[in-house]
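The values are calculated or read from the model by the stated rules, or taken from the named source; none is laboratory data. Small disclaimer: the values here were computed from a predicted structure and weren't measured. Reconstructed Cβ throughout: ideal geometry from the backbone, glycine too, with neighbour counts over all protein chains shown.
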Amino acid sequence: MVSIGTHMHVSDNSGAIKVSCVKILGNSFSNHSNIGDTLVVAVKSAKVKKKVSRGQVHLSILIRQKKQFSRKNGMYISFYQNHVVLIKPNRDPIGNRVLGCVFHELRYKRCLKIMLMASHLI
């Protein structure tokens with residue numbers, strides 16, 4: 001569960017390392033987001049001479065969260081940290097590789113390109 005002001009790690013090779021949530025898009029009735037939601041984030045730290053630099057504002061998709069995520073079969077899954085993937089306005093990822101695993105529930109949120117670039121699906 002990510003709310004406004006939450007610091008998250010970036011799981012792609014766009015150059016950003018840590019970001020902070022500025023706004024949650026498409027979720028007007030609550031203050032938190034779940035897997036696959038689109039967020040507006042500000043880059044807090046980044047690598048030198050990459051596609052993204054510190055202080056820029058980008059769209060992102062939440063791919064892993066610390067809060068337990070329940071599936072319809074009764075299984076609960078959680079991770080140690082919150083992770084996002086930075087995207088362009090047309091929902092294409094900025095980086096060309098996704099590091100780590102991704103939930104297969106992203107399929108229902110129209111994030112197939114992120115799923116194809118990931119190394120593992122859970």
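Summary of values
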quantity: Residue ID - surrounded by the most Cβ atoms within 10 Å (Cβ to Cβ), chosen from residues in the stretch 88-122 that are at positive phi and free of Cβ contacts under 8 Å to residues at least 60 places away in the same chain; calculated: Arg91
quantity: Candidate set from the stretch 62-90 (those that are charged (D, E, K, R) and in a loop (DSSP other than H, G, I, E, B)); member that is farthest from Cys21 (Cα to Cα); calculated: Lys72
quantity: The stretch 57-87, residues that are among the charged types (D, E, K, R) and buried (at least 18 other Cβ atoms within 10 Å of the Cβ); calculated: Arg64
quantity: Candidate set from the stretch 64-94 (those that are in contact with a Gly (Cβ under 8 Å, 6 or more places away or on another chain) and within 13 Å of Met115 (Cα to Cα)); member that is modelled with the lowest pLDDT; calculated: Arg64
quantity: Selected residue (criterion: nearest to Arg107 (Cα to Cα)) from residues of the stretch 28-57 that are in a strand (DSSP E or B) and out of contact with any Ser or Thr (no Cβ under 9 Å at 6 or more places or on another chain); calculated: Val57
